[in-house]
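The values are calculated or read from the model by the stated rules, or taken from the named source; none is laboratory data. Since this is a predicted model, take the numbers as computed values, not measurements. Here the Cβ positions follow ideal geometry from the backbone for every residue, glycine too, while neighbour counts run over all protein chains shown.
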Amino acid sequence: MKMHFRSTCVLAILVASFAASAQAQDIEAGRKKAEACFACHGVNGNSTVPQFPILAGQTARYLYLQLKDFKEGRRAEPTMDPFVKNLSREDMFDLAAFFAAQTPRSPDFKTDPAKVARGQKKAEETLCTMCHLGGLKGQNEIPRVAGQHYAYVVKQLQDFKHMRRTNDAGNMTSVSKTLSDQDIDDLGHYLAALQ
């Protein structure tokens, strides 16, 4: 019995170290592949251009699915087309692992405290944390929206509201249809203020 327990422990340690090694390899491979992304999304995914999202700290599953949707035409963004068309599945996993492992920085945006307060209230009313979790840091295929650029948030909410973006099974479309332009502006301020 004692020998079986030791063997099981050794096997568990080997599997864990192999998994950690494979993850590190994916991140390192992603770092090399990500260099083309830095022009728009910033070094290590910390975009300084408000219309391009901050990728640093985003959930890996969400990043992978967005790359896949861009490549397969389910999400339209002409500036992404030349970058995703030749990505393999492994490339997308590596890029997602790399950007997810990076530390996000605060966007350079002066928020309006009154709009932040209204945005927080609207986020609570629309139950954003049910999917995006507490702190709006995301989970699995649900994106981190905390600390995202104001301009990017506003554009995405408008795109969902007017069905220009539909690659989410309709969840965000149904939520965003209830939002006024003022609500969207307030949410943009609130999310940009979060970390």
Review point. If we scan region 65-72, do we find a residue that is more than 17 Å from the chain's Cα centre (by Cα), surrounded by fewer than 18 Cβ atoms within 10 Å (Cβ to Cβ), more than 18 Å from G188 (Cα to Cα) and not assigned by TED's automatic domain parsing to the domain that holds G188?
Key: yes
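When residues of region 94-126 are filtered for being of a type in the set (V, I, T) and assigned to a helix (DSSP H, G or I), how many remain? Explain how you work it out, then say what you get.
We begin by selecting, within region 94-126, every residue of a type in the set (V, I, T); these are 103, 111, 116, 126.
From what's left, assigned to a helix (DSSP H, G or I): 116.
Number satisfying all stated conditions: 1.
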Review point. Would a scan of region 86-94 turn up a residue that is in contact (Cβ under 8 Å) with a residue 12 or more places away in the chain, under 28 Å from L179 (Cα atoms) and not assigned by TED's automatic domain parsing to the domain that holds M172?
Key: no
Check your understanding: Pick from D168, D183, D91, D159: which is out of contact with any His (no Cβ under 7 Å at 6 or more places or on another chain), more than 26 Å from T48 (Cβ to Cβ), assigned to a helix (DSSP H, G or I) and not small (G, A, S)?
Key -> D183
Study note, to complete from the structure: Cβ pairs under 8 Å, 6+ apart or interchain, first in region 35-51 and modelled with pLDDT of 95 or more, second of a type in the set (S, T, Y) and surrounded by 13 or more Cβ atoms within 10 Å (Cβ to Cβ), ordered by first then second residue, are C40/S47; H41/S47; G42/T48; P50/Y150; P50/Y152; Q51/Y152
Review point. Looking at this structure, is Q51 closer than 20 Å to D159 by Cα, surrounded by fewer than 17 Cβ atoms within 10 Å (Cβ to Cβ) and within 15 Å of the chain's Cα centre (by Cα)?
Key: yes
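Go through Q120, Q148, Q139 for me and flag whichever is over 14 Å from the mean Cα position of the chain (by Cα), surrounded by 13 or more Cβ atoms within 10 Å (Cβ to Cβ), closer than 29 Å to A101 by Cβ and modelled with pLDDT of 95 or more.
Details: Q148 fails: over 14 Å from the mean Cα position of the chain (by Cα); Q139 fails: over 14 Å from the mean Cα position of the chain (by Cα).
When all the criteria are applied, what remains is Q120.
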Exercise for review: Would you mention how many residues in region 149-195 are on the phi > 0 side of the Ramachandran plot and either touching a residue at least 40 places away in the same chain (Cβ under 8 Å) or hydrophobic (A, V, I, L, M, F, W, C) (or both)?
Suggested key: 2
